[in-house]
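S.K.: Take a look at the following structure, please.
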Amino acid sequence: MAAPPPVPGARPYVTVVQYNCLAEGLSGDDAGFDSLPKDEMAWPKRGYELTRKIIDADADVVCLQEVDHYHDTFRPALHAQGYDGIYREDEWSPCLKTTDGKLADGVAIFYKREKLELLGMHVPFTPRDVKEPPIEERRDAGKCLVARFRLRGPIDARRGPGWKDYTCAKQDFIVASLHLASAKNEDGVKRRESQALCAMKEILTFKAMSGAGREDRLAPIIIAGDLNAQPHEPAVEVFKKLGLMSCYARHIRAEPLFTTWKIRSGPYKPGEAKMTIDYIFAQHSAFDVYDVLAMPRSDELGPKGLPCRGHPSDHLMLKASLEFIPVADP
């Protein structure tokens, strides 16, 4: 995947990865995965493969879901490669039940600390007093973590003789890592739509409150997540109607054929599931999609689906390169 060319006058850009990592607490023997040998499915090995894949992607921003080893795996590995991170653990995580309370998963955002400055973060509706508040109460944004970042100026501008001419970087933007309800039934469709609406309301509120009075157009929005919703579902339409584009659909004129493919036996959600439910959305008025990471074909993964060698989760990694569209002076 090519990076935007470093030519004079090139527009500022940011690269974003979306990845549901398949929590250890959801991948044990009861989960029914047999697409990898047990030793490769076990966390010490699979955790290493996940972090290596994320590091190799070399994105500026990394949005993760199903993270139940943030402190002992993801954070130390990525920090050593120049990333800082923020994390929201789910107090109602299903991993608590499957691991006898030892693990809980959540959502995370990692960012390259040399390129980006964290200006603020927001964790909507946390803590929750119940796992699934009534839809009509509009206080469920799924597992949602929101952050505001600013592109840093070049190091030679911020340090050394040129520091007097450098005030601060002015290009900032909002990123949300999102994981919506998983039930594949009518109630699940309704809850995901409600969660998407609540998430957008919270993101827009945070954007307004964290911007120190700056104009709305100066902090465009990027949302990356496992929506558990296929492209035709209302939850996806929520984001499109509010001015966001799917980066893959914009760049290749279609969503990927699938972003998750799992074939499971046993008591936990047995059967085959192969569909597109992961997305990177960006504000279409503020970004051009420069490139996206190509998705593998089914025959490249093998007959048992995901996880497999080279793809250590039951979801595929997405990546988009986004160029900021210059804002005209008023």
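S.K.: Pairs of alpha-carbon atoms within less than 8 angstrom and 6+ residues apart define the contacts here; what relative contact order does the range 21-157 have, in percent?
M.R.: Normalised by residue count, the contact order of the range 21-157 is 24 percent.
S.K.: Using the Karplus equation 6.51 cos²θ - 1.76 cosθ + 1.60 (θ = phi - 60°), what ³J(HN,Hα) coupling, rounded to whole Hz, does each residue of the range 117-128 give in order, writing x for Gly and Pro?
M.R.: 10, 7, 9, x, 8, 9, 10, x, 6, 10, x, 9
S.K.: So, one more: When the chain is modelled as a GNM with alpha-carbon springs shorter than 10 Å, which of ALA320, ALA183, ALA286 fluctuates the most?
M.R.: So, out of ALA320, ALA183, ALA286, the one fluctuating most is ALA183.
S.K.: Another question about this same structure. Pick from GLY32, GLY271, GLY243: which residue has the top mean-square fluctuation in a GNM of the chain where Cα pairs under 10 Å get a spring?
M.R.: Residue with maximal mean-square fluctuation among GLY32, GLY271, GLY243: GLY271.
S.K.: Run the reach check for LYS143 against lysines, Cα to Cα strictly under 19 Å, same-chain hits fewer than 8 apart removed. What comes back?
M.R.: In chain and number order, the partners are LYS97, LYS131, LYS184, LYS190, LYS201, LYS207.
S.K.: Another question about this same structure. At 222 nm, what value in deg cm²/dmol follows for the chain if DSSP H runs of at least 4 each add -39500 (n - 2.57) and the sum is divided by all its residues, to the nearest 500?
M.R.: So the calculated ellipticity at 222 nm is -6000 deg cm²/dmol.
S.K.: Here's a follow-up. Could you work out the Rg to Rh ratio of the chain, with Rh taken as the Kirkwood radius (inverse of the mean 1/r over all Cα pairs)?
M.R.: Ratio of gyration radius to Kirkwood radius for the chain: 0.96.
S.K.: May I ask what percent, to the nearest 5, of DSSP beta bridges between residues of the range 1-148 are antiparallel?
M.R.: Within the range 1-148, antiparallel bridges account for around 75 percent of the total.
S.K.: Here is a follow-up. Figure the gain on full extension for PHE324 and ASP56 (residue separation times 0.36 nm, minus the Cα-Cα span) and round it to one decimal in nm.
M.R.: Details: separation 268, 0.36 × 268 = 96.48 nm, distance 2.37 nm.
Gain on extension, PHE324 to ASP56, equals 94.1 nm.
S.K.: Counting only the backbone N, which residues of the range 237-275 are under 20 Å from the spot 7 Å out from the Cα of SER298 toward its beta-carbon?
M.R.: Correct set: 254-265, 270-275.
S.K.: On average, how much accessible surface per residue is there in the chain, in Å², for a 1.4 Å probe, leaving out ligands, DNA and RNA?
M.R.: 47
S.K.: Separate question: Modelling each spin label as a point 7 Å along the Cα-to-Cβ direction, I'd like the ASP129/LYS274 distance in nm, to one decimal.
M.R.: Label at ASP129, label at LYS274, 4.6 nm between them.
S.K.: Report, for the range 259-323, the % of DSSP beta bridges that are antiparallel, rounded to 5. Mind showing how you got there, number by number?
M.R.: On the way: 11 of 11 bridges.
The antiparallel fraction comes to roughly 100 percent.
S.K.: Please state the shape class of the range 3-111: rounded when a/c is under 1.5, otherwise prolate if a/b exceeds b/c and oblate if not, all from the C-alpha gyration tensor.
M.R.: prolate
S.K.: For the range 73-130 and the range 254-330, what is the centre-to-centre distance using only Cα atoms, to the nearest Å?
M.R.: 20
S.K.: What percentage of the solvent-accessible surface of the range 1-142, computed with a 1.4 Å probe over protein heavy atoms, is contributed by carbon and sulfur atoms?
M.R.: It is 52 percent, rounded to a whole number.
S.K.: Quick one: angle between helix 43-57 and the longest Cα principal axis of the chain, in degrees between 0 and 90, rounded to 10, please.
M.R.: The two axes meet at around 30 degrees.
S.K.: Given points 7 Å out from each Cα along the Cα-Cβ axis, report the LYS45 to ARG138 separation in nanometres with one decimal.
M.R.: Label-label distance for LYS45 and ARG138, simple model: 5.0 nm.
S.K.: If you filter the range 246-282 for trypsin sites (Lys or Arg not before Pro), then keep DSSP loop positions with at most 13 other Cβ within 10 Å, what is left?
M.R.: ARG253
S.K.: Can you compute the modelled spin-label distance between GLN230 and LEU118, with each label point 7 Å from Cα toward Cβ, in nm?
M.R.: So the label points at GLN230 and LEU118 sit 3.8 nm apart.
S.K.: Still on this structure, I have one more. Of the heavy-atom accessible surface of the range 188-323 (probe 1.4 angstrom), what whole percent is carbon and sulfur?
M.R.: About 55 percent, which is the carbon plus sulfur part of the accessible surface.
The values are calculated or read from the model by the stated rules, or taken from the named source; none is laboratory data. Bear in mind the structure is a predicted one, so any value in this text is a computation, not a measurement. Glycine also receives a Cβ, built like all others from the backbone with ideal geometry; neighbour counts cover every protein chain displayed. Ligands, DNA and RNA are excluded from the accessible area calculation, which covers all protein heavy atoms including side chains. Shrake-Rupley method; radii C 1.70, N 1.55, O 1.52, S 1.80 Å.
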